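Input: a single structure, listed below in structure tokens.
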Amino acid sequence: MKVLVAVGSKYGATREVATRIAEDIRSHGFEVDLLDACDVQGIQYYEAVIIGSAVYGGLWRRDASALIKQHRDELIAKDVWLFSVGMETVVKPGQPLDESDGFAREVQAHDHARFPGAINWDRLNVGEKALIKALNPPMGDFRDFTAVREWAERVAAKLEELAAA
């Protein structure tokens, strides 16, 4: 089974999460391509697709959301998982959902995982720094690679089940 892991990442923290997911899926014997979402030319050669993005203000990166929008009908016919990485990834009951939840419903994703992200002050541009000052989120690297690995293991188990069917 050939699997695509596509990612929208601005500063690389989300790409590192995607790399861990791709490595874990690959360790189960699957052929995995890891691509930036903007570099995906098509998804027709993949049986399964995992798409992730950094989340900013409740929105996915444009390249990742464009990938979903451009290939929506094809994605519905495939096994799809989504993941979001950012400081806003914990949704509490009653809290409005971000656009990625809509994407997950649209493409009938098996799952949509949310992982905390990282903010590196030194890599932000002037506009981002002004926004960060106003929002005052926690600074640092909050990524939980144990949770990422556990999720990737569940995805791999489902892929093995689907491949055996």
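The values are calculated or read from the model by the stated rules, or taken from the named source; none is laboratory data. The shown structure was predicted, so the numbers you read here are calculated from the model rather than taken from an experiment. Cβ placement follows ideal geometry from the backbone for every residue including glycine, while neighbour counts extend to all protein chains displayed. Accessible surface areas use protein heavy atoms only, side chains included; no ligands, DNA or RNA. Shrake-Rupley method; radii C 1.70, N 1.55, O 1.52, S 1.80 Å.
In the set (1) closer than 17 Å to SER53 by Cα; (2) free of Cβ contacts under 8 Å to residues at least 60 places away in the same chain, TRP151 fails one condition alone, (2).
Restricting attention to region 95-109, the residues being in a helix (DSSP H, G or I) and modelled with pLDDT of 80 or more number 7. Residue check: LYS92 meets all listed conditions (1) over 10 Å from the mean Cα position of the chain (by Cα); (2) open to solvent by 20 Å² or more (accessible area, probe 1.4 Å); (3) at pLDDT 95 or above but one, namely (3).
The residues listed here are VAL5, VAL17, VAL32; of these, the one that is more than 14 Å from PHE103 (Cα to Cα), assigned to a helix (DSSP H, G or I) and at pLDDT 95 or above is VAL17.
Residues of region 11-35 that are surrounded by fewer than 22 Cβ atoms within 10 Å (Cβ to Cβ) and in contact with a Phe, Trp or Tyr (Cβ under 8 Å, 6 or more places away or on another chain): ARG20, ASP33. Scanning region 36-62 for residues that are among the hydroxyl-bearing types (Ser, Thr, Tyr), surrounded by fewer than 20 Cβ atoms within 10 Å (Cβ to Cβ) and not in a loop (DSSP other than H, G, I, E, B) gives a single hit, TYR56. With respect to the stated conditions, HIS112 fails to be open to solvent by 40 Å² or more (accessible area, probe 1.4 Å) and farther than 17 Å from TYR11 by Cβ. When restricted to residues that are in contact with a helix residue (DSSP H, G or I) (Cβ under 8 Å, 6 or more places away or on another chain), of a type in the set (Phe, Trp, Tyr) and closer than 24 Å to PRO116 by Cβ, region 30-59 contains 0. As for region 41-61, it holds at least one residue that is under 13 Å from the mean Cα position of the chain (by Cα), among the small types (Gly, Ala, Ser) and over 29 Å from GLU161 (Cβ atoms). Just so you know, in region 70-89 the residues that are under 20 Å from THR14 (Cα atoms) and over 12 Å from the mean Cα position of the chain (by Cα) include one that is modelled with the highest pLDDT, and it is MET87. In region 151-165, the qualifying residues are those that are of a type in the set (D, E, K, R) and surrounded by 13 or more Cβ atoms within 10 Å (Cβ to Cβ), and the one that is farthest from TYR11 (Cα to Cα) is GLU160.
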